[in-house]
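Each value in this text was obtained by applying a stated rule to the coordinates, not by laboratory testing. Treat the numbers as computed from the prediction; the structure is a model and nothing was measured. Using ideal geometry, Cβ is built from the backbone for each residue, glycine included, and neighbour counts are taken over all protein chains shown.
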């Protein structure tokens, strides 16, 4: 028997109770005596995002939600310029005017705002709505937890700066096999050296030099920026130093990479002029397609460490969060789930070329038609966790390390002269009080 079915006697008893309740309500409510409907104010919600393709893509799903829930619930998007977004978000939180939900990056304040109480845990909303978290990569959900509680729904994810983008024509002209997923860093260096032509201003490889770019090398060598719980700086380990030395040597020992700031044009323009054979980037590296013919570029994964067999990466995501200030968290959560559907994730890819938070979307015909998504999807399946400072001072940590290593890349100081100071500065940041506001 259907567990939701009721008998005739139970139906009549329930009906009597309902009618009795309506009679009492009619006696108490003048509107009921006149036959007028009680007034119910529609629920109006606000959702913050940064301006750009993501805002546009989310906007269409907000419209769909509003259509589905009209006239009872409506969501208004408030999108702010990317350069000012995080400052604006902090201002809204501090002023008590934050909306009902907001987008945030896992590397730019997600955990700090959760710890500070700006966002609310959503485990109860997931359970009460029956929302299925198994649609996501398991690591994506685990990465969205803080102290065991889930504070956001991932709506975009990627494995970091793990793309090795290469100039098809330069490899063909040199009669060389292109990069593949078996390459080690020795293979990368050998190819870069063979394709470098100083007289013609052609360089074999351009590494990216930010914190998360360098992490790709460190993890390939068995090192890292931090220990597993984000409490100890590990830049001075033998493995981390060896990885950073490899990057430095590409500039100064082997001469296969242009010094920072010396290229006359940007990366894509230099690539299009056939002056750059390979470069490291995240999925956005495919934007070179706006500068070259379709078959002029291709992508492979960054190499594996020869001694470790590890392909350095890290699982980064952009969650959407329900504000703790929201008076209607269930309705807001319902809207946020629209961004994670199969169709919405396909739309996210079509709009931005971004990998999905869902394995079924990454395996879809649409994304598998893209060589870029095949490469990044393979790495997503084996991605390593993102580790950030446990005291939520990631912005200070990133900035300090990046700035102190600049003298190495520019050739103004040797890595051995600098790394001790970098390690000390990083340790001092981790020793500071937790930043939760």
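Tabulated data for the structure shown
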quantity: Normalised contact order of the chain, rounded percent, pairs of Cα under 8 Å and 6 or more residues apart; calculated: 23 percent
quantity: Percentage relative contact order, region 144-262, counting C-alpha pairs under 8 Å, at least six apart; calculated: 19 percent
quantity: Kirkwood estimate for region 230-373, i.e. one over the average of 1/r between Cα atoms, Å; calculated: 19.2 Å
quantity: Mean Cβ neighbour count within 10 Å, used as a protection proxy, ranking 150-158, 331-339, 61-69, 170-178 highest first; calculated: 150-158, 331-339, 61-69, 170-178
quantity: Among 383-390, 84-91, the order from most to least packed when residues are scored by Cβ within 10 Å on average; calculated: 383-390, 84-91
quantity: Inverse of mean 1/r across different Cα pairs in region 254-307, Kirkwood, Å; calculated: 12.6 Å
quantity: Alpha-carbon centroid distance for the pair region 237-271 / region 135-165, whole angstrom; calculated: 29 Å
quantity: Rounded to whole Å, sorted largest first: equivalent-ellipsoid semi-axes of the chain, Cα gyration tensor; calculated: 50, 25, 19
quantity: Equivalent-ellipsoid semi-axes of region 112-215, from the Cα gyration tensor, Å, largest first; calculated: 45, 16, 10
quantity: Normalised contact order of region 255-346, rounded percent, pairs of Cα under 8 Å and 6 or more residues apart; calculated: 12 percent
